[in-house]
Amino acid sequence: MFSSEMTPTTLADCVENQLLNFMHRNNLKPGDTLPREEELAVHLNVSRHIVREGISRLKALDLVESRKRKGLVMKTPHAFSGLKKIIEVNIFTEEDRRELNEIRLAMEIGLCDFIYLRKTPEKIKDLRKYTGSIDSFHYTGEQEVEFHSCLAGIAGNRQVSQLRDLLVKIFADKYRMKNPVEKPSTHLEICDTLEHGTIEEFRQVMRRHFVNDFYNITHS
């Protein structure tokens, strides 16, 4: 039962929270259905308009969707849907970009152990498709994104891959280093080390690949 003094906005907040609690209490999984709008309105003692507003918020979070003949259905959540929307609007300040770039670099290096652990000959073969020429370290944004997306995919962590793919959208236009302070390791060197080197050698070659990115952050 909700207070009659609540505004439509706070009522919608309550409905949203009630629906989230309902999902948690009933251990709902993707594909499970939620009660119909009219049932929720009666149960929560609010109008269907308020229920609809609460549901629209869950849809904005990519938690539920309406399906024909099934009604409201749970979706596989995208943990970073909010960040995705902010990136699409592109309203980050330079300070925001610097901090997000630090997160991206920490993620790229932090994935090394998982990539090395879960590598297979087939995955490395796929990765080699994006290595470019033998001695090149000047890559277009598209080449860099394709290579590192494939590399991150070897780690097999869907959530990390989603966040990484979102973050690189912010920096794709800055991937190509016009005046590098140091020659970084190439995509080919990364592939060779991943296939034949030790885990420590792989960490080192990855760290060297981003040497100019780290330099730019620490000297900005």
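No lab work stands behind these numbers, since they all come straight from the coordinates. In this text, all values refer to a predicted model and were calculated from it rather than measured experimentally. With ideal geometry, Cβ positions are generated from the backbone for all residues, glycine too; neighbour counts draw on all protein chains shown.
What to note about this one:
- For the stretch 91-218: Kirkwood Rh in Å [reciprocal of mean 1/r, alpha carbons]: 14.8 Å
- Considering only alpha-carbon pairs that sit under 8 angstrom and 6 or more positions apart, the relative contact order computed for the chain is 18 percent.
- Note on the chain: with a GNM built from Cα contacts shorter than 10 Å, the maximum mean-square fluctuation among Leu151, Leu117, Leu61 falls on Leu117.
- Were the residues from Glu102 through Asp126 laid out at 0.36 nm apart, the gain over their Cα-Cα distance would be 5.9 nm.
- Förster radius 35 Å - calculated FRET efficiency between Arg203 and Asn17 (Cβ-Cβ, nearest 0.05): 0.20
- Site pair Arg25 and Thr218 shows an inter-label distance of 5.4 nm when each label is modelled 7 Å from Cα along Cα→Cβ.
- Applying a threshold of 20 Å to the alpha-carbon distances of Lys59/Lys84; Lys84/Lys169; Lys29/Lys59 flags no pair as lying beyond it.
- For the stretch 8-74, convex hull volume per residue from C-alpha positions, Å³: 77 Å³
- Radius ratio Rg over Rh of the chain, counting only Cα atoms, Kirkwood formula for Rh: 1.12
- Computed label-point distance, nm, for sites Leu188 and Thr33 using a 7 Å Cα→Cβ extension: 5.9 nm
- Given R0 = 41 Å, the distance between the Cβ atoms of Ile170 and Val42 translates into a calculated FRET efficiency of 0.35.
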